[in-house]
1. Quick check on region 25-63: of everything there that is more than 25 Å from Lys145 (Cα to Cα) and not in a strand (DSSP E or B), which residue is most open to solvent (accessible area, probe 1.4 Å)?
2. Quickly run through region 1-24 and pick out the residues that are open to solvent by 60 Å² or more (accessible area, probe 1.4 Å) and of a type in the set (Ser, Thr, Tyr).
3. From Tyr137, Tyr156, Tyr126, which residue is touching a residue at least 24 places away in the same chain (Cβ under 8 Å), under 27 Å from Leu82 (Cα atoms) and open to solvent by 20 Å² or more (accessible area, probe 1.4 Å)?
4. Taking region 95-106 on its own, how many of its residues are modelled with pLDDT of 95 or more and either assigned to a loop (DSSP other than H, G, I, E, B) or at positive phi (or both)?
5. Hey, can you tell me all the residues within region 107-121 that are in contact with a His (Cβ under 7 Å, 6 or more places away or on another chain) and either in a loop (DSSP other than H, G, I, E, B) or surrounded by fewer than 17 Cβ atoms within 10 Å (Cβ to Cβ) (or both)?
6. Suppose we filter region 29-49 for residues that are at pLDDT 95 or above and charged (D, E, K, R); how many remain?
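The values are calculated or read from the model by the stated rules, or taken from the named source; none is laboratory data. Predicted model, so just to flag it, every value in this text is computed and none were measured. A quick note on method: Cβ atoms are made from the backbone with ideal geometry, for glycine too, and the neighbour counts reach across all protein chains shown. For the accessible areas, the whole protein counts, side chains as well, though only heavy atoms, and no ligand, DNA or RNA atoms are used. Shrake-Rupley method; radii C 1.70, N 1.55, O 1.52, S 1.80 Å.
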Amino acid sequence: NSYEKFEHEKRITDAVAHVLPVAVPKIELIQAGPYLFYKTHFIPGRVLVDLPLKRIIANNDKIGKQIGQIIYALFNSEYKSLRDIKPQNAKKLGLGMVHGDMCGNIIVNPETMDVVGSIDWEYANYNNLWFEFFGIYRVRKKMRKTDIAPIAMWEYFRLRDENEKKLK
């Protein structure tokens, strides 16, 4: 059912937009008679995987760290509006919110190579952290050549360790 899929994505983007350090599209669902339309605002930039491989590799440290920061914020935040879809034992199982298809849906400013947005949240849900990191490699062969995934992982765990030290 398209309405259910669109509504799921809208709920997710409404919830995560407040915690991520990048833009997330605001979704508006419009019903016109029997037709359902999906409207989002534009995030200026280019999809990361559409940029030349050499340019991505030249900026892989910067991009990887920013993706690690996005994943950290996404996975470790509490979303009160999504409690009904969060498994009761999520923390015990090591589950958190993941994008599910991040690799092909990162928007960057092509001049600065800063990550500025994340789009297409239809696969977002509570899952294992490794599902997200594996997804950076899984979807696009081009991304496997960039070393962005290990950089993102190191940044994620640096932030986790830094946060745990603050809590002690």
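1. Per the stated criteria, the residue is Phe42.
2. Ser2, Tyr3
3. On inspection, the qualifying residue turns out to be Tyr126.
4. 1
5. Trp121
6. 1
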